[in-house]
Amino acid sequence: TWTAPAADGTRSCRIEVQLKGVPVTIKGTLTLRPEGSGSVNDVALDITCRIPLLGKKLADFVGKNAASSMDDEYAFDQRYLAK
């Protein structure tokens, strides 16, 4: 759920994702803020895994995939908005 806009137009939301069938949890904050004539979407995520020993490797793997997916989404948004 997004917050109401601040005086400067900034809005944020907290997110929590539990991946189905994978013991990984993603928690974080999305912040949308004005910058110049556009806006910036800041994303901060904490990715954890409940498996001892292998958990860090699995969380790192999920984190890299999440970063790649966000890069792909950003590229799509740029192409779509340029039309």
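Some points to look at:
- Surrounding net charge for residue 18, when Lys and Arg each add one and Asp and Glu each subtract one, Cβ distance under 12 Å: +2
- Accessible area per residue (1.4 Å probe, heavy atoms of protein chains only) ranks 50, 33 as 50, 33, with the largest value leading.
- Relative contact order (percent, whole number), the chain, Cα cutoff 8 Å, 6+ residue spacing: 18 percent
- 13 Å beta-carbon shell around residue 2, net charge (K/R +1, D/E -1): +3
- Angle in degrees between helix 55-82 and the longest Cα principal axis of the chain, rounded to the nearest 10: 20 degrees
- When the chain is treated as a GNM with alpha-carbon contacts under 10 Å, the residue of 72, 46, 60 showing the greatest mean-square fluctuation is 72.
- In straight-distance terms, cross-link reach from residue 64 covers every one of the lysines whose alpha-carbon lies under 24 Å from its own, apart from those fewer than eight places away in the same chain; here that gives 20, 27, 56.
The values are calculated or read from the model by the stated rules, or taken from the named source; none is laboratory data. Everything quoted here is computed from the prediction, not taken from an experiment. Cβ atoms come from the backbone with ideal geometry, glycine included; neighbour counts cover every protein chain shown. The accessibility values were calculated without ligands, DNA or RNA, using every heavy atom of the protein model including side chains. Shrake-Rupley method; radii C 1.70, N 1.55, O 1.52, S 1.80 Å.
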